[in-house]
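Working notes, beginning with the structure itself.
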Amino acid sequence: MIAVEKITKTYGSSVVVDGVSITLPKGGVTSIIGPNGAGKSTLLSMVGRFLSADSGTITVGGLDVTKTPSDELAKRLAVLRQDNHLAVRLTVRDLVSFGRYPHSKGRYTVEDERHVNEAIAMLGLSGLADRFLDELSGGQRQRAFVAMVICQDTEYVLLDEPLNNLDIKHAVEIMRLVQQAARRLNKTMVVVLHDINMASTFSDVIVAMKNGQIVASGSPAEIIQPDLLSQIYETEIKVVPVGSRLVAIY
Amino acid sequence: MLPEVRRKRVRAIVALLSVLTVIAMVAFMTLGAKGSWSFILSFRGAKLAALVLVAFSIAVSTVLFQTIMENRIVTPSIMGFDALYVLLQTVLVFAIGAGRLSAMDPFLLFLIEAGMLMLFSNLLYRWILAGAARSPHLLMLVGIVFGILFRSLSSFLQRILDPSEFLILQDRMFASFNAVDTSLLGIAGVVVAIVTVIILRMLPVFDVVALGRNHATALGVDHNRTIMFTLALISVLIAVSTALVGPVTFFGLLVANLAYLILPTSRHAVVLPVATLIAVVTLVGGQVILERVFAFDTALSIIIEFVGGLVFILLVVRGAAR
Ligand SMILES: Nc1ncnc2c1ncn2[C@@H]1O[C@H](COP(=O)(O)OP(=O)(O)OP(=O)(O)O)[C@@H](O)[C@H]1O
Ligand SMILES: [Mg+2]
């Protein structure tokens, strides 16, 4: 379970995350949607202990993220951030191997090797494993970073816009992967998405943010509503049922 | 590049550098020797040991500094670390007097100086580097300003110093590669050995820190604490090299960037030894060629600084700061 209680973050005079409280149950896929600047990444950064909140508490699986030793937390929680600049030159395999660091502390075992190979294969990077990251396309690089997070093999996984730069095939593959991790391995997956239809299709819960607050949360059927979405995105959005799914049209 | 190809290349580089190192060392010990062998061996042996310690200290401190700063242009000496060491020495001579300073236990003195350097690097990081690290150009500017400040302060104090005291100070500070202060050899050796053991244990941590603050945090490394601790190690190494041969500005930059250039990996387990070997070959080999072959005396530091300075300009122009 991830419990966020009255979390506030301000930069100067602008309140970026405004007293947010929310509880995400263990197991399942939660999508966070909302316009640019809504505070999604900021909230995720505080859950991932990259950023300290001005007030409020956050616990992940019962561990307070500000008080738990960072290396303990790294075995339970993996985070993909929106911006992944690297100062060093690494191959895909090198990068993905770092995902094992919290468990092996640099002494890689056969077990770690297996995790690395699995993650590389899962993200369709087998043919690219020995390429340097700067020799990849934007989408391939994005998949390499997702592979690193998957390789960390934690109960809780936060992904900030994992579908950035991805084509439809790979976007759907990653969302399936996220869904399977939640279904089969009972992992708690939290994903920030801009594609409402991906959120509609693959999530158990959708959380909608705007202006640093949570404006709505619930099942896809509750959130994928024309009025609500139009108000959140300040754009006219229609919703059409297709089969068992709700599809937003804009 | 395939892992197997990369591994072979690393092995070839290490083998080649090791051979060059051995050749340089043997040449250093034997070339142009006249008179009693036992005297020559012990005299040159001490000098050789000092050069190796200096090479190690400069190479390792530079690579580690660049890792924690995520920047391949700044080095501890460009940030004014060794200028500060000289300032500390000057202040000590000024406050205590050169005579009493020379009478002090050199080990104690070294510890005091290294300790003060650690304190400085810690404060510098807290106040400035943590914020400036985001802008490499600001970082360089801060370093250059600090360097000028420390050097001007030193030369101001030196000017108002008693001439005889100044001579003693000059002896301590303007040691060059062929006038190594071997009296500190024992301490330097012990300190370097301890630092080496610590660094060996931390190699995987450095690899993670090189990924940057956010990735390191995500992987469970306490970034701030690791950086503070690494800065302390770097300060000790700078103290060792400055105590032995005096300040050297661009040598670290030169060997670190050569290592990055020829290596197909950025793992510290490989980069640190290779940068050290390059430093040893350059220092010892350069000394042999200049001193024994061409019979120049103080030229090595000038040549190294000149080439290192060129590399620095090249890196700045090429924009490797980002
Ligand atoms: N370091 C900072 N200093 C000042 N303001 C910031 C800082 N970081 C973020 N902000 C502001 O906080 C607000 C929320 O940013 P955040 O990155 O959380 O948005 P987001 O919902 O992730 O948006 P996007 O969909 O574009 O990724 C934005 O208005 C942004 O300008
Ligand atoms: Mg964002």
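Numerical summary
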{"item": "Compactness relative to 2.2 N^0.38 Å, alpha carbon Rg of chain A", "result": "1.01"}
{"item": "FRET efficiency estimate (nearest 0.05) - Cβ-Cβ, A:Leu185 to A:Tyr11, R0 35 angstrom", "result": "0.40"}
{"item": "Per-residue [θ]222 nm for chain B (sum of -39500 (n - 2.57) over DSSP H runs n ≥ 4, rounded to 500)", "result": "-25000 deg cm²/dmol"}
{"item": "Whole-Hz couplings from phi, Karplus 6.51/-1.76/1.60, listed for the range A:198-214; x for Gly and Pro", "result": "5, 4, 4, 7, 10, 9, 8, 10, 10, 10, 9, 10, 7, 6, x, 10, 8"}
{"item": "Other protein chain Cβ atoms within 10 Å, averaged over every residue that makes up A:100-109", "result": "4"}
{"item": "Additional length obtainable on full extension of the chain from A:Glu234 to A:Ala87, 0.36 nm per residue less Cα span", "result": "49.1 nm"}
{"item": "Charge dipole (chain A, unit charges on Cβ, about Cα centre) - positive-most of A:Ala38, A:Leu77, A:Gln225", "result": "A:Leu77"}
{"item": "Inter-site label distance for A:Asn197 and A:Ser137 at 7 Å from Cα along Cβ, in nm", "result": "2.0"}
{"item": "Those lysines that a straight Cα-Cα span of less than 23 Å connects to A:Lys6, excepting residues fewer than 8 apart in one chain", "result": "A:Lys26, A:Lys40, A:Lys67, A:Lys210"}
{"item": "Rounded D (µm²/s) - chain B, Kirkwood Rh over Cα pairs, Stokes-Einstein at 25 °C, 0.890 mPa s", "result": "120"}
{"item": "Karplus-derived HN-Hα couplings along the range A:38-50 (A = 6.51, B = -1.76, C = 1.60, θ = phi - 60°), whole Hz, x at Gly and Pro", "result": "6, x, 4, 5, 4, 4, 4, 5, 6, 5, x, 6, 7"}
{"item": "Candidates A:Gly62, A:Gly99, A:Gly39, ranked by Gaussian network fluctuation over chain A, Cα under 10 Å, top entry", "result": "A:Gly62"}
{"item": "Charge tally in the Cβ shell below 11 Å around A:Asp134, where Lys, Arg are +1 and Asp, Glu are -1, A:Asp134 excluded", "result": "+2"}
{"item": "Proximal lysines relative to B:Lys47, as straight alpha-carbon distance under 30 Å, when same-chain residues fewer than 8 apart are discounted", "result": "B:Lys34"}
{"item": "Nearest-0.05 FRET efficiency for B:Asn122 and B:Ile96, computed from C-beta distance (R0 35 Å)", "result": "0.90"}
{"item": "Zero-based 10 Å bins, Cα pair distances in the range A:10-61, whole percents", "result": "20, 57, 21, 2"}
{"item": "Under-5 Å amide H pairs with A:Val239, H placed in peptide plane, nonlocal only", "result": "A:Ile249"}
{"item": "HN-Hα J in Hz across the range B:306-317 - Karplus 6.51, -1.76, 1.60, θ = phi - 60°, x for Gly and Pro", "result": "5, 5, x, x, 4, 4, 4, 4, 4, 5, 5, 5"}
{"item": "Inter-label distance, nm, simple model (7 Å from Cα along the C-beta direction), A:Val215/B:Ala103", "result": "8.0"}
{"item": "Charge sum, other residues only, whose C-beta stays under 15 Å from A:Ala248's C-beta, Lys/Arg counted +1 and Asp/Glu -1", "result": "-3"}
{"item": "Under 5 Å, built H, 5+ apart or other chain: amide partners of A:Leu159", "result": "A:Leu80, A:Val190, A:Val191, A:Val192"}
{"item": "Ellipticity estimate at 222 nm from DSSP helix runs (n ≥ 4, -39,500 (n - 2.57)) divided over chain A, nearest 500", "result": "-10000 deg cm²/dmol"}
{"item": "Pairwise centroid distance, computed over Cα atoms, of the range B:222-267 with the range B:270-288, Å", "result": "13"}
{"item": "Chain B: most fluctuating residue of B:Phe81, B:Phe28, B:Phe229 per GNM, C-alpha cutoff 10 Å", "result": "B:Phe229"}
{"item": "Net charge, A:Leu43 excluded, C-beta distance under 14 Å - Lys, Arg +1, Asp, Glu -1", "result": "+1"}
{"item": "Inter-chain shielding of A:79-91 (mean C-beta neighbours from other protein chains, 10 Å cut-off)", "result": "5"}
{"item": "Average beta-carbon neighbours from other chains, 10 Å sphere, peptide B:206-213", "result": "4"}
{"item": "Distance (nanometres) between label positions extended 7 Å along Cα→Cβ at B:Met228 and B:Ile112", "result": "2.6"}
{"item": "When each of A:Lys75/B:Lys8; A:Lys9/A:Lys105; A:Lys9/A:Lys187; A:Lys9/A:Lys169; A:Lys9/A:Lys75 is checked by Cα-Cα distance, pairs over 30 Å", "result": "A:Lys75/B:Lys8; A:Lys9/A:Lys105; A:Lys9/A:Lys169"}
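Values in this text are rule-based calculations from the coordinates and carry no lab data. What you are looking at is a predicted structure, and each value in this text was computed from that prediction instead of being measured. Reconstructed Cβ throughout: ideal geometry from the backbone, glycine too, with neighbour counts over all protein chains shown.
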